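Encoded as structure tokens, the structure appears first; notes follow it.
The values are calculated or read from the model by the stated rules, or taken from the named source; none is laboratory data. Please read all numbers here as calculations on a predicted model, not as lab measurements. Note that each Cβ is placed from the backbone with ideal geometry, even for glycine, and that neighbours are counted across all protein chains shown. Each accessible area value is taken on the protein alone, full model and side chains, heavy atoms only, with ligands, DNA and RNA left out. Shrake-Rupley method; radii C 1.70, N 1.55, O 1.52, S 1.80 Å.
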Amino acid sequence: MDNLDVRLAKLARKGDQRAFAEIVELYKDKIFHLAYRMLNNRHEAEDIVQETFLRVYKNLDRYDENQKFSTWIYRIGTNLCIDRLRKRKPSYSLDADMNDQEGMDGYSMIPSDDRTPESEMLISETQRIIHQAIESLPAKYKTIMILRYIQDMSLQEISEVLTLPVTTIKTRVHRGREFLRKKLEFKL
């Protein structure tokens, strides 16, 4: 897979649009799943996928062929997600009254969830509880836990994606597990 990635990157760098389309095809779902897990929002995840491939296209000449292509593209996607999360920082209470609409609170503004019975059945209660616990982790642990356990990356790969030492990654994985253990202790 990696040799294919490098060959496709070289061809795309030379202007081969089919090679770039193949890169998109290989990674679009992986980047979407990463972004969706980090942002918990389908539309934002789709935006991140588009932005990731725009950046990949613009910066193909900066790709170092000695580095794994997957690591490079995951780093771009992860950084875009982290930037999006930083911009999202202000949080508002759903219990607060809306200033411009009398008698309405934030809950009344939440759109309904259009899940089908089939998709609802596929999502087990345990998965939902774990997903909620991961969502509540601080960003520095959440990112690493998603890359490690949902994207199934090695500690070394995470280290390369986030440009952090492996020892830092190990520590954050350990602390992330501890956070999850405390959150899930009485729920599972």
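For the condition at pLDDT 90 or above, under 23 Å from the mean Cα position of the chain (by Cα), more than 24 Å from residue 33 (Cβ to Cβ) and open to solvent by 80 Å² or more (accessible area, probe 1.4 Å), residue 167 qualifies. Count of the stretch 33-84 residues, restricted to those that are out of contact with any helix residue (DSSP H, G or I) (no Cβ under 8 Å at 6 or more places or on another chain) and closer than 21 Å to residue 133 by Cα, is 1. Scan the stretch 6-41 for residues that are open to solvent by 50 Å² or more (accessible area, probe 1.4 Å) and either among the aromatic types (Phe, Trp, Tyr) or touching a residue at least 24 places away in the same chain (Cβ under 8 Å) (or both) and the total you get is 8. If you go through the stretch 42-71 and keep only what is surrounded by 17 or more Cβ atoms within 10 Å (Cβ to Cβ) and free of Cβ contacts under 8 Å to residues at least 24 places away in the same chain, you end up with just 45. Please determine whether any residue of the stretch 119-127 is farther than 25 Å from residue 29 by Cβ, assigned to a helix (DSSP H, G or I) and modelled with pLDDT under 90. Yes, the conditions are met somewhere in the stretch 119-127.
Of the helices (runs of 4 or more DSSP H) that lie entirely inside the stretch 1-72, those containing 3 or more residues that are at pLDDT 90 or above and either within 17 Å of the chain's Cα centre (by Cα) or small (Gly, Ala, Ser) (or both) span 17-39, 42-58.
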